[in-house]
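The values are calculated or read from the model by the stated rules, or taken from the named source; none is laboratory data. These figures come from a predicted structure and were not determined experimentally. Methodologically, a virtual Cβ is constructed for each residue, glycine included, from the backbone with ideal geometry; neighbour enumeration extends over all protein chains shown.
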Amino acid sequence: MKNIFLKYLLLFVLGQITFSAYSQSVPYGNNPAAGHYFSVGDAKLYYEVYGQGKPLVMMHGGVYGYIDEFGSFISKLAENYQVICIGTRGHGKSEIGHTQFSYQQRAEDVYKVVRSITKDSVIVLGFSDGAFGSLKLAALHPELVKKLIAIGAGDYPKDRKTEKYNYTPEGLMKSDSAFFAGRVALMPEPKRWKECLTMLNKMYNEDFVSTETFSAIKCPTLIMNGDRDGDNSIDAVVKCAKAIKGSQLAIIAGCWHVVFFCNFPAVWAAIDPFLKNQ
(Lines give C-alpha, C1' and ligand atoms only; values in the text may rest on other atoms or scores of the structure.)
Protein backbone atom coordinates (compact mmCIF):
# COMPACT_ATOMS: atom_id res chain seq x y z
CA MET A 1 0.00 0.00 0.00
CA LYS A 2 2.87 2.40 0.70
CA ASN A 3 4.13 1.97 -2.85
CA ILE A 4 0.71 2.78 -4.26
CA PHE A 5 0.50 6.09 -2.47
CA LEU A 6 4.10 6.99 -3.23
CA LYS A 7 3.09 6.62 -6.87
CA TYR A 8 0.09 8.86 -6.16
CA LEU A 9 2.38 11.47 -4.66
CA LEU A 10 4.86 11.24 -7.53
CA LEU A 11 2.10 11.60 -10.09
CA PHE A 12 0.65 14.52 -8.16
CA VAL A 13 4.00 16.33 -8.19
CA LEU A 14 4.52 15.53 -11.87
CA GLY A 15 1.00 16.70 -12.57
CA GLN A 16 1.64 19.96 -10.78
CA ILE A 17 4.70 20.48 -12.95
CA THR A 18 2.83 19.52 -16.11
CA PHE A 19 0.06 21.98 -15.35
CA SER A 20 2.33 24.67 -13.89
CA ALA A 21 0.85 27.27 -16.23
CA TYR A 22 -2.49 26.82 -14.50
CA SER A 23 -1.09 26.83 -10.96
CA GLN A 24 1.02 29.92 -11.65
CA SER A 25 -1.93 31.92 -12.94
CA VAL A 26 -4.60 30.63 -10.55
CA PRO A 27 -3.84 29.41 -6.98
CA TYR A 28 -6.48 26.68 -6.97
CA GLY A 29 -7.42 25.68 -3.45
CA ASN A 30 -6.17 28.93 -1.94
CA ASN A 31 -7.72 31.60 -4.12
CA PRO A 32 -9.32 34.54 -2.26
CA ALA A 33 -10.96 35.70 -5.49
CA ALA A 34 -12.95 32.47 -5.82
CA GLY A 35 -13.04 31.13 -2.25
CA HIS A 36 -16.06 30.84 0.05
CA TYR A 37 -17.04 29.04 3.26
CA PHE A 38 -20.22 27.25 4.28
CA SER A 39 -21.06 25.60 7.61
CA VAL A 40 -22.42 22.07 7.27
CA GLY A 41 -23.11 21.84 11.01
CA ASP A 42 -20.02 20.84 12.96
CA ALA A 43 -17.54 22.01 10.32
CA LYS A 44 -17.01 24.98 8.04
CA LEU A 45 -16.10 23.82 4.54
CA TYR A 46 -14.12 25.78 1.98
CA TYR A 47 -15.08 25.84 -1.68
CA GLU A 48 -14.20 27.73 -4.83
CA VAL A 49 -16.38 28.70 -7.80
CA TYR A 50 -15.17 29.31 -11.35
CA GLY A 51 -16.96 30.13 -14.61
CA GLN A 52 -20.61 30.47 -15.48
CA GLY A 53 -23.29 28.16 -16.80
CA LYS A 54 -24.89 24.96 -15.55
CA PRO A 55 -23.35 23.86 -12.22
CA LEU A 56 -20.69 21.16 -12.17
CA VAL A 57 -19.39 19.96 -8.79
CA MET A 58 -15.90 18.56 -8.23
CA MET A 59 -15.04 16.23 -5.33
CA HIS A 60 -11.30 15.66 -4.83
CA GLY A 61 -9.24 12.73 -3.53
CA GLY A 62 -8.20 12.01 0.06
CA VAL A 63 -5.02 12.47 2.16
CA TYR A 64 -2.84 13.67 -0.76
CA GLY A 65 -5.67 15.28 -2.68
CA TYR A 66 -7.28 18.69 -2.65
CA ILE A 67 -8.92 21.21 -5.01
CA ASP A 68 -5.61 22.01 -6.73
CA GLU A 69 -5.36 18.51 -8.19
CA PHE A 70 -8.21 19.49 -10.53
CA GLY A 71 -6.38 22.45 -12.09
CA SER A 72 -6.34 20.96 -15.59
CA PHE A 73 -10.07 20.22 -15.42
CA ILE A 74 -11.16 23.55 -13.94
CA SER A 75 -9.57 25.69 -16.64
CA LYS A 76 -11.40 23.75 -19.38
CA LEU A 77 -14.72 23.18 -17.62
CA ALA A 78 -15.07 26.81 -16.52
CA GLU A 79 -15.42 27.77 -20.19
CA ASN A 80 -18.94 26.28 -20.22
CA TYR A 81 -19.93 25.52 -16.61
CA GLN A 82 -20.16 27.02 -13.16
CA VAL A 83 -17.50 24.84 -11.57
CA ILE A 84 -17.92 24.30 -7.81
CA CYS A 85 -14.85 22.74 -6.13
CA ILE A 86 -15.45 21.65 -2.53
CA GLY A 87 -12.74 20.94 0.03
CA THR A 88 -13.35 17.78 2.05
CA ARG A 89 -13.25 17.86 5.85
CA GLY A 90 -9.65 18.02 7.03
CA HIS A 91 -8.27 18.84 3.58
CA GLY A 92 -6.88 22.23 2.67
CA LYS A 93 -8.83 25.12 4.15
CA SER A 94 -11.83 23.07 5.33
CA GLU A 95 -12.36 22.32 9.01
CA ILE A 96 -12.33 18.76 10.35
CA GLY A 97 -15.49 18.71 12.42
CA HIS A 98 -16.11 16.38 15.36
CA THR A 99 -17.90 13.39 13.85
CA GLN A 100 -16.31 10.26 12.37
CA PHE A 101 -15.76 10.52 8.63
CA SER A 102 -17.80 8.36 6.27
CA TYR A 103 -18.62 8.35 2.57
CA GLN A 104 -22.23 9.16 3.40
CA GLN A 105 -21.02 12.14 5.42
CA ARG A 106 -18.97 13.23 2.41
CA ALA A 107 -22.11 13.05 0.27
CA GLU A 108 -24.30 14.93 2.73
CA ASP A 109 -21.66 17.64 3.19
CA VAL A 110 -21.52 18.22 -0.55
CA TYR A 111 -25.31 18.21 -0.77
CA LYS A 112 -25.52 20.98 1.83
CA VAL A 113 -22.86 23.12 0.18
CA VAL A 114 -24.36 22.73 -3.29
CA ARG A 115 -27.88 23.53 -2.10
CA SER A 116 -26.53 26.74 -0.53
CA ILE A 117 -25.36 27.77 -4.01
CA THR A 118 -28.01 26.48 -6.40
CA LYS A 119 -31.42 24.81 -6.48
CA ASP A 120 -30.61 23.34 -9.88
CA SER A 121 -29.53 19.76 -10.51
CA VAL A 122 -25.80 19.35 -11.08
CA ILE A 123 -23.16 17.33 -12.85
CA VAL A 124 -20.72 15.75 -10.41
CA LEU A 125 -17.11 14.73 -11.06
CA GLY A 126 -15.41 12.86 -8.24
CA PHE A 127 -11.95 11.35 -7.95
CA SER A 128 -10.84 8.59 -5.53
CA ASP A 129 -12.34 9.52 -2.13
CA GLY A 130 -14.44 12.03 -4.02
CA ALA A 131 -15.56 9.35 -6.46
CA PHE A 132 -16.84 7.12 -3.65
CA GLY A 133 -18.53 10.14 -2.08
CA SER A 134 -20.05 11.09 -5.44
CA LEU A 135 -21.46 7.59 -5.91
CA LYS A 136 -23.11 7.91 -2.48
CA LEU A 137 -24.39 11.37 -3.40
CA ALA A 138 -26.01 10.17 -6.61
CA ALA A 139 -27.64 7.25 -4.78
CA LEU A 140 -28.91 9.32 -1.84
CA HIS A 141 -29.95 12.43 -3.78
CA PRO A 142 -31.05 11.48 -7.30
CA GLU A 143 -32.88 14.80 -7.58
CA LEU A 144 -29.56 16.62 -7.26
CA VAL A 145 -27.22 14.62 -9.52
CA LYS A 146 -28.18 14.62 -13.20
CA LYS A 147 -24.84 13.23 -14.45
CA LEU A 148 -21.98 11.53 -12.66
CA ILE A 149 -18.32 10.98 -13.51
CA ALA A 150 -16.54 8.76 -10.98
CA ILE A 151 -12.77 8.39 -11.49
CA GLY A 152 -10.66 5.97 -9.47
CA ALA A 153 -13.39 4.05 -7.63
CA GLY A 154 -14.73 0.53 -7.88
CA ASP A 155 -16.57 -2.03 -5.81
CA TYR A 156 -15.48 -1.53 -2.16
CA PRO A 157 -17.47 -4.17 -0.26
CA LYS A 158 -17.86 -4.54 3.48
CA ASP A 159 -16.26 -7.99 3.60
CA ARG A 160 -13.13 -7.11 1.58
CA LYS A 161 -9.76 -8.45 2.69
CA THR A 162 -7.18 -5.74 2.11
CA GLU A 163 -4.19 -4.23 3.87
CA LYS A 164 -5.20 -1.85 6.66
CA TYR A 165 -4.58 1.86 6.24
CA ASN A 166 -2.48 3.53 8.91
CA TYR A 167 -1.61 7.07 7.87
CA THR A 168 0.32 9.13 10.41
CA PRO A 169 1.76 12.66 10.26
CA GLU A 170 5.24 11.22 10.76
CA GLY A 171 4.91 8.77 7.88
CA LEU A 172 3.50 11.33 5.47
CA MET A 173 6.08 13.96 6.35
CA LYS A 174 8.81 11.37 5.82
CA SER A 175 7.45 10.58 2.36
CA ASP A 176 7.55 14.26 1.28
CA SER A 177 8.02 16.90 3.95
CA ALA A 178 7.73 19.89 1.59
CA PHE A 179 4.49 18.65 0.02
CA PHE A 180 2.75 17.92 3.30
CA ALA A 181 4.12 21.01 5.01
CA GLY A 182 2.30 22.95 2.31
CA ARG A 183 -0.86 20.96 2.92
CA VAL A 184 -0.72 21.48 6.69
CA ALA A 185 -0.03 25.21 6.24
CA LEU A 186 -3.46 25.58 4.64
CA MET A 187 -5.32 23.80 7.45
CA PRO A 188 -7.32 25.97 9.85
CA GLU A 189 -6.70 23.34 12.56
CA PRO A 190 -3.18 21.98 11.90
CA LYS A 191 -2.81 20.64 15.45
CA ARG A 192 -5.64 18.20 14.69
CA TRP A 193 -3.96 16.63 11.63
CA LYS A 194 -3.22 13.38 13.47
CA GLU A 195 -6.84 13.19 14.62
CA CYS A 196 -7.97 13.81 11.06
CA LEU A 197 -5.77 11.00 9.72
CA THR A 198 -7.07 8.64 12.42
CA MET A 199 -10.63 9.29 11.26
CA LEU A 200 -9.58 8.79 7.64
CA ASN A 201 -7.93 5.46 8.50
CA LYS A 202 -11.10 4.31 10.23
CA MET A 203 -13.23 5.30 7.23
CA TYR A 204 -10.93 3.53 4.77
CA ASN A 205 -10.71 0.40 6.92
CA GLU A 206 -14.35 0.07 7.96
CA ASP A 207 -16.66 1.95 5.58
CA PHE A 208 -17.80 0.48 2.26
CA VAL A 209 -19.43 1.45 -1.03
CA SER A 210 -20.81 -1.44 -3.02
CA THR A 211 -23.86 -2.73 -4.89
CA GLU A 212 -26.25 -1.33 -2.28
CA THR A 213 -25.13 2.11 -3.49
CA PHE A 214 -24.51 1.40 -7.18
CA SER A 215 -27.94 -0.14 -7.78
CA ALA A 216 -29.65 3.01 -6.48
CA ILE A 217 -27.96 5.32 -9.02
CA LYS A 218 -30.29 6.29 -11.86
CA CYS A 219 -28.48 9.15 -13.61
CA PRO A 220 -26.16 8.79 -16.63
CA THR A 221 -22.83 7.68 -15.19
CA LEU A 222 -19.27 7.39 -16.49
CA ILE A 223 -16.94 5.15 -14.49
CA MET A 224 -13.24 5.70 -15.25
CA ASN A 225 -10.06 4.01 -14.06
CA GLY A 226 -6.47 3.33 -14.98
CA ASP A 227 -5.68 -0.25 -15.94
CA ARG A 228 -2.71 -0.27 -13.52
CA ASP A 229 -4.52 1.25 -10.57
CA GLY A 230 -3.33 -0.54 -7.43
CA ASP A 231 -6.34 0.69 -5.42
CA ASN A 232 -9.07 -0.57 -7.73
CA SER A 233 -8.78 -3.78 -9.70
CA ILE A 234 -10.31 -3.99 -13.16
CA ASP A 235 -12.76 -6.55 -11.79
CA ALA A 236 -13.88 -4.17 -9.04
CA VAL A 237 -14.36 -1.31 -11.50
CA VAL A 238 -16.29 -3.48 -13.95
CA LYS A 239 -18.52 -4.74 -11.12
CA CYS A 240 -19.29 -1.16 -10.16
CA ALA A 241 -20.12 -0.18 -13.74
CA LYS A 242 -22.31 -3.24 -14.32
CA ALA A 243 -24.32 -2.50 -11.18
CA ILE A 244 -25.22 1.01 -12.41
CA LYS A 245 -27.86 0.66 -15.10
CA GLY A 246 -26.78 2.10 -18.43
CA SER A 247 -23.41 3.34 -17.18
CA GLN A 248 -20.37 3.85 -19.40
CA LEU A 249 -16.92 2.51 -18.59
CA ALA A 250 -13.58 4.03 -19.63
CA ILE A 251 -10.30 2.25 -18.84
CA ILE A 252 -7.22 4.39 -19.46
CA ALA A 253 -4.35 2.19 -20.64
CA GLY A 254 -0.96 2.36 -18.94
CA CYS A 255 -2.14 4.54 -16.05
CA TRP A 256 -2.14 4.23 -12.29
CA HIS A 257 -4.58 5.79 -9.83
CA VAL A 258 -4.32 9.46 -10.83
CA VAL A 259 -5.25 8.92 -14.46
CA PHE A 260 -5.66 12.62 -15.28
CA PHE A 261 -2.03 13.27 -14.34
CA CYS A 262 -0.95 10.19 -16.31
CA ASN A 263 -2.84 10.89 -19.55
CA PHE A 264 -5.13 13.91 -19.41
CA PRO A 265 -5.87 13.94 -23.17
CA ALA A 266 -7.26 10.39 -22.97
CA VAL A 267 -9.29 11.26 -19.86
CA TRP A 268 -10.72 14.36 -21.51
CA ALA A 269 -11.48 12.43 -24.71
CA ALA A 270 -13.80 10.19 -22.66
CA ILE A 271 -15.33 12.95 -20.52
CA ASP A 272 -16.03 15.57 -23.19
CA PRO A 273 -18.55 13.58 -25.27
CA PHE A 274 -20.18 12.27 -22.08
CA LEU A 275 -20.79 15.84 -20.94
CA LYS A 276 -22.04 16.97 -24.35
CA ASN A 277 -24.39 14.02 -24.85
CA GLN A 278 -27.93 15.10 -24.02
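For the condition surrounded by fewer than 17 Cβ atoms within 10 Å (Cβ to Cβ), of a type in the set (D, E, K, R), within 20 Å of the chain's Cα centre (by Cα) and at pLDDT 95 or above, what is the one hit in E195, E212, E206, E189? Walk me through how you get there before you give the answer.
Numbers: E195 fails: within 20 Å of the chain's Cα centre (by Cα); E212 fails: within 20 Å of the chain's Cα centre (by Cα); E189 fails: within 20 Å of the chain's Cα centre (by Cα).
Checking each option against the conditions leaves just E206.
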Within the stretch 105-139, restricting to residues that are aromatic (F, W, Y) and buried (at least 24 other Cβ atoms within 10 Å of the Cβ), the one that is farthest from the chain's Cα centre (by Cα) is F132
Single unsatisfied condition, K239 versus (1) closer than 21 Å to S134 by Cβ; (2) basic (K, R); (3) touching a Phe, Trp or Tyr at 6+ places or on another chain (Cβ under 7 Å): (3)
I244 being β-branched (V, I, T), in contact with a strand residue (DSSP E or B) (Cβ under 7 Å, 6 or more places away or on another chain) and either surrounded by fewer than 18 Cβ atoms within 10 Å (Cβ to Cβ) or more than 17 Å from G61 (Cα to Cα) (or both): yes
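Each row is one residue, and each column tells you yes or no for (1) within 13 Å of V83 (Cα to Cα); (2) modelled with pLDDT of 95 or more.
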{"site": "S23", "(1), (2)": "no, no"}
{"site": "P27", "(1), (2)": "no, yes"}
{"site": "N30", "(1), (2)": "no, yes"}
{"site": "G35", "(1), (2)": "yes, yes"}
{"site": "A43", "(1), (2)": "no, yes"}
{"site": "Y47", "(1), (2)": "yes, yes"}
{"site": "Q52", "(1), (2)": "yes, yes"}
{"site": "M58", "(1), (2)": "yes, yes"}
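Looking at this structure, is S75 at negative phi and at pLDDT below 95?
Details: at negative phi: yes; at pLDDT below 95: yes.
Spelling it out, S75 is indeed at negative phi and at pLDDT below 95.
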Per-region count, the stretch 111-127, residues part of a strand (DSSP E or B) and within 10 Å of F38 (Cβ to Cβ): 0
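Take the residues in the stretch 85-104 that are among the β-branched types (V, I, T) and more than 18 Å from L144 (Cβ to Cβ), then tell me which one is surrounded by the most Cβ atoms within 10 Å (Cβ to Cβ). Talk me through it step by step, then tell me what you get.
Going residue by residue through the stretch 85-104, those that are among the β-branched types (V, I, T) are 86, 88, 96, 99.
Of the ones still in play, those that are also more than 18 Å from L144 (Cβ to Cβ) are 96, 99.
Working: I96: 20, T99: 12.
Here the answer is I96.
Quick one: which helices (runs of 4 or more DSSP H) lie wholly within the stretch 161-211 and hold at least 3 residues that are closer than 30 Å to L140 by Cα and hydrophobic (A, V, I, L, M, F, W, C)? Give the derivation first.
On the way: elements: 169-175, 177-186, 193-206.
Helices (runs of 4 or more DSSP H) meeting the threshold: 193-206.
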Qualifying positions in the stretch 41-68 - within 13 Å of T88 (Cα to Cα), in contact with a Phe, Trp or Tyr (Cβ under 9 Å, 6 or more places away or on another chain) and not in a strand (DSSP E or B): H60, G61, G62, V63, Y64, G65, Y66, I67, D68
